[in-house]
Amino acid sequence: MSDPSDLPSLASLAARVAESLRERGQTVAVVESSAGGLVCAALLAIPGASAYFVGGAVVYTRKAGKGLLGLTADDVVGMRAETEPYANLIAGKIRERLGATWGLSESGAAGPSGSGYGDSPGHVCIAVAGPNSRSRTIETGQSNRPANMDIFARQLLSLFDEALHE
């Protein structure tokens, strides 16, 4: 992973993607887990967010995945959270359910301990589903929960910015 200090602030990234979405007349829907809603909050902090932000959800449990995304046992056969295939799946699900041009997702372990899946704190998988889909795995090497949440959110918006400007 690049040094997180190399990334712009969350507010700057949100402003950049918001401007791109407005210019294109496109929309975004977001599903977060370990970032806890920071991506949604950053996008909604930009005036005029209703032009591009369709909605978002914090899906922190299997129960939430079923209720908010309509995930079924068949959807996740052979898959676990905190992987790129899972991040891609839920980015696509939120995009589809809310009828957005783009779907964004992240699933990881913010810390201070690792996950029940054996992933270390600071591990996250992020995904963008849409006209230019992509995913990435990030390892911060940190156990600082608030710092990881911020890094995860900035990494997701940075990946989205890349997709928008491809």
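With K and R counted +1 and D and E -1, the other residues having a Cβ less than 12 Å from that of PRO131 yield a net charge of +2.
Each listed q (0.17, 0.23, 0.27 Å⁻¹) maps to a log10 I(q)/I(0) for region 115-166 from the Debye sum over equal C-alpha point scatterers, namely -0.54, -0.83, -1.00.
Mind ranking TYR117, TYR60, TYR52, TYR86 by accessible surface for me, highest first, 1.4 Å probe?
TYR60, TYR117, TYR86, TYR52
Beta bridges assigned by DSSP with both partners in the chain are antiparallel in approximately 60 percent of cases. Looking at the P(r) of the chain, how many percent of alpha-carbon pairs lie beyond 19 Å? Roughly 49 percent, once rounded to a whole number.
Wrap a convex hull around the Cα atoms of region 1-82, take a quarter of its surface area, and give that in square nanometres. Let's see the in-between values first.
Values: hull surface 27.5 nm².
That works out to 6.9 nm².
Heavy-atom surface analysis with a 1.4 Å probe gives region 67-127 a carbon and sulfur content of 51 percent of its accessible area. Short-range pairs are left out: with C-alpha atoms under 8 Å and at least six residues apart, the relative contact order of region 46-145 is 22 percent.
Provide the gained length on full extension for the span ALA51 to SER12, in nm with one decimal, where the gain is 0.36 nm per separating residue minus the Cα-Cα distance.
Here the answer is 12.2 nm.
Based on C-alpha pairs under 8 angstrom that are at least 6 apart in sequence, region 1-72 has a relative contact order of 32 percent.
Per-residue 3J(HN,Hα) values for region 146-155, derived from phi via the Karplus relation 6.51 cos²θ - 1.76 cosθ + 1.60 with θ = phi - 60°, read x, 5, 5, 4, 5, 4, 4, 5, 5, 5 Hz in sequence order (x marks Gly and Pro).
Note down the Stokes-Einstein diffusion coefficient of region 64-126 in µm²/s, whole number, using a Kirkwood radius over alpha carbon pairs, 10 °C, and 1.306 mPa s. Display every interim value, and only then the final one.
Details: Rh = 12.2 Å.
Result for D is 130 µm²/s.
The values are calculated or read from the model by the stated rules, or taken from the named source; none is laboratory data. Model, not experiment: these values are computed from the prediction. As a convention, Cβ positions derive from the backbone with ideal geometry for all residues, glycine included, and neighbour counts pool all protein chains shown. When the accessible area is computed, the model is the full protein with side chains, heavy atoms only, and any ligands, DNA or RNA have been set aside. Shrake-Rupley method; radii C 1.70, N 1.55, O 1.52, S 1.80 Å.
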